Amino acid sequence: MNYADNLLAIETRIAAACQRVGRSRKSVELLAVSKGQPPQAIRALSEEGLILFGENKVQEAKAKISSCPSHLKWHMIGHLQSNKCRDAVMLFDFIQGVDGFELAQELEKWAQKLGRTKKVFLEVNVGGEGSKYGLAPADVVPTLLRVNDLPHLEVHGLMTIAPYSPDPEQARKFFRKMHECKSACEVALGVPLPHLSMGMSGDFEVAIEEGATLIRIGTALFGPRSITKTLNEFRSQELD
Ligand SMILES: *Cc1c(COP(=O)(O)O)cnc(C)c1O
């Protein structure tokens, strides 16, 4: 896998999407989604200058993060169970995927115990799909105001996974709705929210055109993933 070439191709597409809508390239951050990828691949991309990495399972992150360069910043992008909150607060710099006040309270409890402040993103189920986690758009502002009152959590933005379609144009209306949702949050809070996390390998250009500030790219950077294979490889290396 030539990670440098993959990154260059993605960078070119990000720059073109920014240019189409008159945005600065600096207004979009690239989060490399490293779930199902071994630490060697993460190191290779970090050597190309990437700093932000995302994992969707606490267990997998625990096995990998300590063997990755220490200057990297880690985002939890998956669904978080309340019994994993302690580890998540320990391991991750940012926790996306906060989909309810109860989960926020559990994170608050551990952030307080561990003496940290955590940056979190509220996850929005923008397509209203039964198969997805996330707040209904109408619940975002009320939840945001409650989470924002928790002293050890800082709401850093909103995140969503748009309903899947092979045609990225189909995601545009959902991304647009997320942008409106972010604006409503900013009105309610009276301050800007730093991030709108949306757009993946298949739809990130449309997401940028609709206001994404953080795009989460996995396969287009790393190539296909194989969680069990990579974890087993990783474990056998640890035993060597
Ligand atoms: C896996 C994943 C991604 C990246 O998906 P790709 O299609 O591989 O780019 C982004 N966001 C979340 C929440 C994910 O779980």
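The values are calculated or read from the model by the stated rules, or taken from the named source; none is laboratory data. These numbers come from a predicted model, not from an experiment. Ideal geometry is used to build each Cβ from the backbone, glycine not excepted, and the neighbour counts take in all protein chains shown. Note: areas computed on protein heavy atoms with side chains; ligands, DNA, RNA excluded. Shrake-Rupley method; radii C 1.70, N 1.55, O 1.52, S 1.80 Å.
Here is the result for the stretch 169-223: no chymotrypsin sites (Phe, Trp or Tyr not before Pro) lie in DSSP coil with at most 11 other C-beta atoms within 10 angstrom of their C-beta. Expressed in nm to one decimal, what extension gain is obtained for the pair LYS73 and ARG116 from 0.36 nm per residue of sequence separation less their Cα-Cα distance? Here the answer is 13.9 nm. Here LYS113 is the anchor, and the aspartates and glutamates within straight C-alpha reach of less than 20 Å, apart from those fewer than 8 places off in the same chain, are ASP87, ASP93, GLU102, ASP149, GLU154. Here the chain was treated as a single set of alpha-carbon atoms; its pair distances binned every 10 Å from 0 give 8, 32, 37, 21, 3, 0 percent.
Counted by Cβ distance under 10 Å from ASN125, the other residues give a net charge of -3, where Lys and Arg count +1 and Asp and Glu count -1.
A cut-off under 10 angstrom between Cβ atoms defines the neighbours of ALA4, and their net charge, with Lys, Arg +1 and Asp, Glu -1, is -3. Counting charges near LEU45 (Lys, Arg +1; Asp, Glu -1) among other residues having Cβ under 15 Å from its Cβ returns a value of 0.
Using the heavy atoms of the protein chains alone and a 1.4 angstrom probe, what is the accessible area of the chain per residue in square angstrom?
With the other protein chains kept in place, the chain gives 47 Å² per residue.
Helical runs (DSSP H, four residues minimum) scored at -39500 (n - 2.57) apiece and divided by the length of the chain put the mean residue ellipticity at 222 nm at -13000 deg cm²/dmol. Of the two radii for the stretch 16-73, the radius of gyration is 1.08 times the Kirkwood radius, both from the alpha carbons; that is the Rg over Rh value.
The Cα center of the stretch 167-215 and the Cα center of the stretch 77-142 differ in position by 18 Å. Peptide packing for 105-112, 196-203 was compared via the average number of neighbouring C-beta atoms within 10 Å per residue; ordered from the highest value, the list is 196-203, 105-112. The stretch 39-130 gives an Rg/Rh value of 1.00, both radii derived from C-alpha positions and Rh following Kirkwood. Note that the stretch 159-166 has calculated 3J(HN,Hα) couplings of 9, 8, 10, 5, x, 6, 8, x Hz, one per residue in order, obtained from phi through the Karplus relation 6.51 cos²θ - 1.76 cosθ + 1.60 (θ = phi - 60°); glycine and proline are x. Bridging of LYS173 to lysines at a Cα separation below 19 Å is possible for LYS132, LYS182, once same-chain residues fewer than 8 apart are set aside.
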